[in-house]
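For reference, the structure is listed below as structure tokens.
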Amino acid sequence: RFFLYFEETDWCLRARNKGRSIYYLPGVTAVHVGGTSTRANYLDNLTVYVKSAIKFYEKHRGSRVSFPLVLCVKAVATFNVLRWSIVARLRPTYRQALRPWISFSKRLAFKGMG
């Protein structure tokens, strides 16, 4: 169900729900080069992150939790579309920089979350 985000969170929660133990090993080190796979398409991957979070809550907490979360995401995204569109209109020098953020917010506000 999860493409890129929340797969390990889901895995750990399912393991715990089946009575398995999850351990923290402070002596073990892992190097995570953060953002290498997502840097080029940051806003596209942020969309995937939000959708994966909603899928996670839907799967583990049901629609009573995920539906209000979807509404909240859509409300914030709609607000951002409005505010960034106004700023882009009032400050033409910001237009180019805000264009991807407006598109990102429109995707979240007006398209399906699944």
Which residue fluctuates the most in the chain, going by a Gaussian network model with Cα springs under 10 Å, if the choices are Gly62, Gly19, Gly27?
Gly27
Against the longest principal axis of the chain, how steep is helix 42-61, in degrees 0 to 90 to the nearest 10, with axes from Cα atoms?
50
Contour minus Cα-Cα span, Asn45 to Glu7, at 0.36 nm per residue, comes to 12.2 nm
Principal axes first, then extents: for the Cα atoms of the chain, list largest minus smallest coordinate on each axis, whole Å, largest first.
56, 37, 20
Which loop trypsin sites (Lys or Arg not before Pro) in the range 1-96, with loop taken from DSSP, have no more than 15 other Cβ atoms within 10 angstrom of their Cβ?
Arg1, Lys18, Arg20
Cα centre as origin, Lys/Arg/Asp/Glu Cβ charges: the chain dipole, Debye
400
Which angle between 0 and 90 degrees, to the nearest 10, do you get for helix 7-17 versus the longest principal axis of the chain when only C-alpha atoms count?
40
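How much of the accessible area of the chain, probe 1.4 Å, is carbon plus sulfur, in whole percent?
Summing carbon and sulfur atoms, their accessible area is 59 percent of the total for the chain.
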Among Ile54, Ile22, Ile86, residue whose mean-square fluctuation peaks in a GNM of the chain (springs only between Cα atoms under 10 Å):
Ile22
Once Leu43, Leu69 are ranked on solvent-accessible area with the largest value leading and a 1.4 Å probe, the list reads Leu69, Leu43
Per residue, accessible area of the chain with a 1.4 Å probe, heavy atoms of protein chains only, in Å², comes to 77
How large, in Å, is the range 52-114 by the Kirkwood hydrodynamic radius built from its alpha-carbon pairs?
12.6
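The values are calculated or read from the model by the stated rules, or taken from the named source; none is laboratory data. What you see is a predicted model; the values in this text were computed from it and never measured. As a convention, Cβ positions derive from the backbone with ideal geometry for all residues, glycine included, and neighbour counts pool all protein chains shown. With ligands, DNA and RNA removed, areas are computed over all heavy atoms of the protein, side chains included. Shrake-Rupley method; radii C 1.70, N 1.55, O 1.52, S 1.80 Å.
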